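Enquirer: Sharing a structure with you now.
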Amino acid sequence: MEKKMGKILTLIMAGMIAMACLTVSCGRNSSGAAKNTPADTTGTPVLTFKSSEHIFGKVKAGEKVGCIFTFTNTGDADLVIASATASCGCTVPKYDKRPVPPGSSGTVEVSFDTSGREGLQTKTVVVQSNAENKLVILRIIAEVEKK
């Protein structure tokens, strides 16, 4: 009797799973493509910065300065920035992690802490994305003067 109940319970569970899959199409839309995936993945994003270099000029040691690099997706698919990595800990990049549609713009904000620095300083930020130009190097330059 217990074996028979176990088989019946197994059949009921299998039937419920099959019904659930039919109801939600097992995560697929009517075309058979999985949900939450772009409908058209044939295009290519292109990351185009207005300028890839910012010169702060002369700044006082200990000062925190920042700038904003503006970019446009000049391609024909959504652009996603995967990372923005600075050359040292004194430079901190911030960027929007949301996809940027074709023709739209976004920003990479870079802050630079001049504490403990002196003289001509050149720092870089490497922006990595799904664009045709996968890596773009941004550069900031400052002449740090003693207080």
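Enquirer: What's the total number of residues in region 92-110 that are in contact with a Ser or Thr (Cβ under 7 Å, 6 or more places away or on another chain) and closer than 19 Å to residue 63 by Cβ?
Expert: Within region 92-110, residues that are in contact with a Ser or Thr (Cβ under 7 Å, 6 or more places away or on another chain) and closer than 19 Å to residue 63 by Cβ number 2.
Enquirer: Restricting the search to region 136-146, which residues are over 16 Å from residue 110 (Cβ atoms) and in contact with a strand residue (DSSP E or B) (Cβ under 6 Å, 6 or more places away or on another chain)?
Expert: Passing the criteria: 143, 145.
Enquirer: Is one or more of the residues making up region 58-69 surrounded by 14 or more Cβ atoms within 10 Å (Cβ to Cβ) and modelled with pLDDT under 95?
Expert: no
Enquirer: Something else about it: Hey, which of the strands (runs of 3 or more DSSP E) in region 40-79, taking only ones fully inside, have at least 1 residues that are assigned by TED's automatic domain parsing to the domain that holds residue 109 and under 14 Å from residue 144 (Cα atoms)? Walk me through it before giving the result.
Expert: Numbers: elements: 47-49, 53-60, 64-73.
So the answer is 53-60, 64-73.
Enquirer: Would it be correct to say that residue 97 is modelled with pLDDT under 95 and either under 12 Å from residue 139 (Cα atoms) or exposed (fewer than 12 other Cβ atoms within 10 Å of the Cβ) (or both)?
Expert: When the stated conditions are applied, residue 97 passes them.
Enquirer: Residue under question is residue 83, and the condition is that it be in a strand (DSSP E or B) and at pLDDT 95 or above; does it hold?
Expert: So residue 83 fits the description; yes.
Enquirer: For region 57-92, give me the residue count where each residue is in contact (Cβ under 8 Å) with a residue 12 or more places away in the chain and either over 19 Å from residue 131 (Cα atoms) or among the basic types (Lys, Arg) (or both).
Expert: 18
The values are calculated or read from the model by the stated rules, or taken from the named source; none is laboratory data. Everything quoted here is computed from the prediction, not taken from an experiment. Virtual Cβ from ideal backbone geometry, glycine too; neighbours counted across all protein chains shown.
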